Amino acid sequence: METLESRLPSVFIVRPVQFLVGVCLFISLLYGQRDLTILALLVLGITILADIWSRLSFSGIRCASVLDKYRLFPGESAALHVRVKNAKFLPVWLQMSMQVEGALDPTAGENSFTGDCWLLWYQQAHFNWGLLARRRGVYRVGSGHMKVGDLLGFFPREKRAEGDTQVIVYPRLVPLKPVLLPNRDFFGSPGAKSPVQDPIYILGTRDYQHGWPARHIHWKASARHNRLQEKIFEPSEQKKVLLAVEVSQFQKANASERFERTLEAVGSLAVLSYQRGYALGLVTNGVVEGGPSFLSTGRSPQKLPAILEILARLKMRADESLADRLYRILDLPWGLSCIHFSYDQDEGTRATAQYFSHRRNPTIFVVCASRFQREGDGHTPGGKTYRLDEIRLEEAQKP
């Protein structure tokens with residue numbers, strides 16, 4: 001769809017030309033020129049009628065827009081639907097354009113978010129555009145900008161529809177090598193083999209067996225079945241993973257590209273950990289636009305989308321050290337394992353390592369800087385260190 005430009009369809013709507021037509025009308029009346037009088041009256045009548053028509057055009061115009069998806073990954077597209085209704089008897093000319101900011105581009109076959117049409121009495125028009133997400137971030141799909149006027153488009157009038165919509169683009173998911181976490185399960189038996197049951201996660205009910213604790217009786221289910229029912233609990237799995245992102249080093253090095261690659265790895269690792277049934281959490285010292293910088297560990301279905309949304313909102317700007325933020329967090333659970341992402345190792349990294357070492361939380365460090373060299377056996381105080389290129393399969397497979 002080609003971009004429509006604002007243009008004047010006729011020279012007769014220009015004020016100086018209208019003044020000259022008025023002068024011609026006066027002269028034609030003065031000298032009795034019948035044909036010239038009819039022509040001048042016709043031009044002035046059309047322009048006056050079109051002006052009045054245009055002033056009444058916005059009356060009864062209703063506009064509504066909706067997106068089929070508000071959360072995307074880079075490379076995915078969403079459909080933007082705009083409906084405009086002319087709820088009056090007067091037909092109008094309409095030009096609609098949508099303001100879309102950031103890395104949301106039109107899909108293939110489209111060049112802009114602009115279209116025009118004619119609306120008859122009580123008629124509706126539908127505009128459909130595709131939004132293609134290019135990179136991570138939070139972007140605004142602005143309100144529609146309408147131009148409405150008479151059918152000839154002589155006197156278009158502009159109006160902005162109300163309402164903005166946010167589109168969240170998650171980090172791109174990339175293939176990763178498996179990162180082995182220290183086993184912190186009770187009795188060495190993870191998942192369904194564990195003798196420890198989690199009283200929070202209830203799988204269902206069954207007939208009550210004599211000798212089992214009475215506190216496990218499900219009284220509502222018992223009343224419904226007219227016999228005692230007991231709760232069936234999900235076996236307790238103790239793997240809890242905290243993803244930590246150190247932002248200040250990327251900010252100092254102005255390494256925006258490496259910062260994006262690191263967030264891609266963090267988001268991909270969160271998806272893999274969620275698929276394995278781990279309890280997930282996230283902490284960062286970066287500025288999160290419109291969101292929290294810490295998310296406690298848990299296994300709820302909303303945990304993974306919440307982590308990906310924080311990564312989408314995260315800016316490459318730190319407001320405090322990561323160690324200071326961790327010391328202010330008092331509800332880190334027992335048995336937590338941490339995977340720490342940073343640009344390089346410095347005093348802040350060592351302070352974070354000492355924090356987790358003091359709490360006896362095993363930690364894995366992932367460093368992004370290509371100039372990083374391991375010292376000794378590749379361990380830092382408190383955990384093993386990897387380079388980012390080593391855990392990203394797409395980088396490890398390059399010659």
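Please treat every number below as a calculation from the coordinates, not as lab data. Note that the structure is predicted; figures quoted are calculated from it, not measured. Glycine also receives a Cβ, built like all others from the backbone with ideal geometry; neighbour counts cover every protein chain displayed.
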Considering amide H positions built from the backbone, and no H for Pro or chain starts, which residues 5 or more places from Thr284, or on another chain, come under 5 Å of its amide H?
Val245
Please rank Ile391, Ile310, Ile38, Ile61, fewest neighbouring Cβ atoms within 10 Å first, as an exposure proxy.
Ile38, Ile61, Ile391, Ile310
Of the cross-linked pairs Lys69/Lys147; Lys239/Lys315; Lys88/Lys147, which ones have a Cα-Cα span greater than 20 Å in the structure shown?
Lys69/Lys147; Lys239/Lys315
Given the range 240-396, what percent of its DSSP beta bridges are antiparallel, to the nearest 5?
25
Provide the net charge surrounding Leu228, with neighbours chosen by a C-beta distance below 14 Å and charges set as Lys +1, Arg +1, Asp -1, Glu -1.
+4
Using modelled backbone amide H atoms (1.01 Å from N, in-plane), which distant-in-sequence or interchain residues come within less than 5 Å of Arg387's amide H?
Val367
FRET E, pair His358, Lys252, Förster distance 22 Å, beta-carbon r, rounded to 0.05:
0.25
Summed side-chain charge close to Leu119 - residues other than Leu119 whose Cβ falls under 13 Å, Lys, Arg +1, Asp, Glu -1
+3
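I'd like the FRET efficiency for Asp319 and Arg83, computed as 1/(1 + (r/R0)^6) with the beta carbon distance as r and R0 of 45 Å, rounded to 0.05.
Once rounded, the FRET efficiency stands at 0.60.
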How charged is the neighbourhood of Ser357? Take every other residue with its Cβ under 14 Å from the Cβ of Ser357, and add Lys/Arg as +1 and Asp/Glu as -1.
+4
Length gain on complete extension for the stretch Ala214 to Gln33, per 0.36 nm per residue less the alpha carbon to alpha carbon distance?
54.3 nm
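Largest first and in whole Å, give the semi-axes of the range 205-304's equivalent ellipsoid, each being the square root of 5 times a Cα gyration tensor eigenvalue.
So the three semi-axes of the range 205-304 are 45, 13, 10 Å.
Please list 312-322, 258-268 highest first by mean number of surrounding beta-carbon atoms within 10 Å per residue.
Numbers: 312-322: 18.4, 258-268: 22.0.
Those peptides, ordered most packed to least, come out 258-268, 312-322.
Mind giving me the FRET efficiency for Leu120 and Leu393? R0 is 45 Å, r the Cβ-Cβ distance, nearest 0.05 is fine. If you can, show how the numbers build up before the last one.
On the way: r = 58 Å, r/R0 = 1.29.
Efficiency, from the Cβ-Cβ distance: 0.20.
Among Val167, Val66, Val92, Val100, what is the fewest-to-most ranking by other Cβ atoms within 10 Å? Write out the running numbers ahead of the final one.
Values: Val167 24, Val66 11, Val92 28, Val100 20.
If I rank by nearby Cβ atoms, fewest first, I get Val66, Val100, Val167, Val92.
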